[in-house]
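Data first, discussion second: the structure below is written as structure tokens.
The values are calculated or read from the model by the stated rules, or taken from the named source; none is laboratory data. Here the structure is a predicted model, which means the values were calculated and not measured. FYI the Cβ positions are ideal-geometry reconstructions off the backbone, even for glycines, and counts take in every protein chain you see. In case anyone asks, the SASA skips ligands and DNA or RNA and just uses the protein heavy atoms, side chains included. Shrake-Rupley method; radii C 1.70, N 1.55, O 1.52, S 1.80 Å.
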Amino acid sequence: MSVTFAVLGCGNRGADVYARHLAAQGARVTHLVDPRPARLVEVAARHGLGPEACFQSVEAFFALGRVADAVVIATPDDAHVGPCLRALALGYDVLLEKPVCLEERDLDVLLAAEAASRGRVTVCHVLRATPFFRGVRAVLDSGRLGRLVGITHAENVAYWHYAHSYVRGNWRASPPAAPFVLAKACHDLDLLRWFAGAPPVRVSSEGALVHFRPEEAPPGAQGRCVTCPVVDCPYDARVIYGTRDPARWPVTVLTAGGVSLSEALSAGPYGRCVYHADNDVVSHQTVTAVFGNGVTAGLTVSAFTHNNTRTLRLLGTHGELRAQMERGEIEVHSFRTGEVERITVDVGGNHGGGDTALVAGWLASLRGEAGVPTPLAESLDSHRLAFAAERARLGGTVEGVGT
């Protein structure tokens, strides 16, 4: 079965990731939506589309009615709910980029809309699809750890990645972007939900914006890196972008639409000093969650790491699992035998192969070969956790989840 789809939001995730993988796996792009004319022309050329297939507003696209099998919604964070509701009303299946919404009340709105539609929503929680975390889950399901008691998990954002996305980039201010724990860590909260095997019931959290403030700037720092005399700043945009592959993320974010790197650093947001930007999101946060079956989990999300990776421990009554995603390493320590099993998993590809695998699973569901990769209600538990964690962080409280 040939699957047709439209892409709403032709940024890095919509056009460079999902559209590319979907097309490579046999699906066909039929329509594009993005407010930037130059970007529409660029992406349309990749898929052999003419101007009649390109739209600068979701309203103009939806006025066509149902013209494809499915839609990919990868618009900005604050523009996910409306297009998703419109798509469901027309019976589209939806691949919905996370975070799905910025208001907790919209979670139930989306669930009700899906229930009333012939279409189904798959949230882009790509980490569940990675061979690495599927390997972790396979160990858990094997019973080698006994009964799961606790989870400790770290999302090591990496100092340069945080500077790119959360100081200079689209997620630097909340609102309009989602809070840091939702925008960055809903993948990780989804993993905690998956491993725990039960809905979350209670959460607490601490965190703040640390370091990326004017008073932390080194002496002589300027508003833009291209004119700054400071030579040893780890957040120097000239180093972060100038030493990376120009054909890959994150550099391609700066040069989308034909903008040169030098122009982007001189005039765009990605060349600004991290100490004199307009960011307000948390840079280091911890979350403690309790699930309905008694499993407890601790998550740390931090800008202040060298590696851009996830590290994980599953603590069971009869064993412990330790895992490092960047290296693809899983260690299983048996309390029964004292033996240590070492497993190496291929982590090549975007998100450790998760982008490709998520697309494959979604396409299989559209072709009737499999069910939806993860039901929407379960996917949204990660968002319920994040909203409750943010309430707890701001109020210094312990919050019920979904209450």
Legend entry - Estimated FRET transfer efficiency (ASN293, VAL226; beta-carbon r; R0 45 Å; 0.05): 0.25
Inset, instruction - Indicate, rounded to the nearest 5 percent, the antiparallel portion of the DSSP beta bridges found entirely in the chain. - result: 65 percent
Inset, instruction - Extending each Cα 7 Å along its Cβ direction at THR252 and ASP278, get the distance between those two points in nm, one decimal. - result: 2.8 nm
Inset, instruction - Can you tell me how much longer the chain between ALA79 and VAL41 gets when fully stretched, taken as 0.36 nm per residue apart minus their C-alpha distance, in nm with one decimal? - result: 11.5 nm
Legend entry - Extension gain (nm, one decimal) between ARG105 and VAL67, 0.36 nm per residue minus Cα-Cα: 10.7 nm
Legend entry - Residue-normalised accessible area of segment 1-151, given per residue in Å² at a 1.4 Å probe: 39 Å²
Legend entry - Accessible carbon and sulfur surface of the chain relative to its total accessible area, %, 1.4 Å: 53 percent
Inset, instruction - Please calculate the 1.4 Å probe accessible area of HIS211, with all protein chains present, and give it to the nearest 10 Å². - result: 50 Å²
Legend entry - Histogram of C-alpha separations across the chain, 20 Å bin width, %: 26, 58, 16, 0
Legend entry - Relative contact order of the chain, defined on C-alpha pairs under 8 angstrom at six or more residues apart (%): 21 percent
Inset, instruction - Would you mind working out the magnitude of the charge dipole of segment 266-341 relative to its Cα centre, with +1 at each Lys and Arg C-beta and -1 at each Asp and Glu C-beta, to the nearest 20 Debye? - result: 60 debye
Inset, instruction - Work out how much length ARG213 to LEU394 would gain on full extension: take 0.36 nm times their residue separation and subtract the Cα-Cα distance, in nm to one decimal. - result: 63.2 nm
Inset, instruction - May I ask you to list the GluC sites (Glu not before Pro) in segment 271-372 that are in a DSSP loop and have at most 15 other Cβ atoms within 10 Å of their Cβ? - result: GLU326, GLU339, GLU369
Inset, instruction - Give me the accessible area per residue for segment 202-250, probe 1.4 Å, as a whole number in Å². - result: 59 Å²
Legend entry - Cβ-derived FRET efficiency at R0 22 Å, ARG342 paired with ASP245, nearest 0.05: 0.10
Inset, instruction - For segment 96-159, run through the trypsin sites (Lys or Arg not before Pro) and keep only the ones in DSSP coil with at most 12 other Cβ atoms within 10 Å of their Cβ. - result: ARG118, ARG147
Legend entry - segment 193-349: relative contact order in percent, alpha carbon pairs under 8 Å with at least 6 residues between: 22 percent
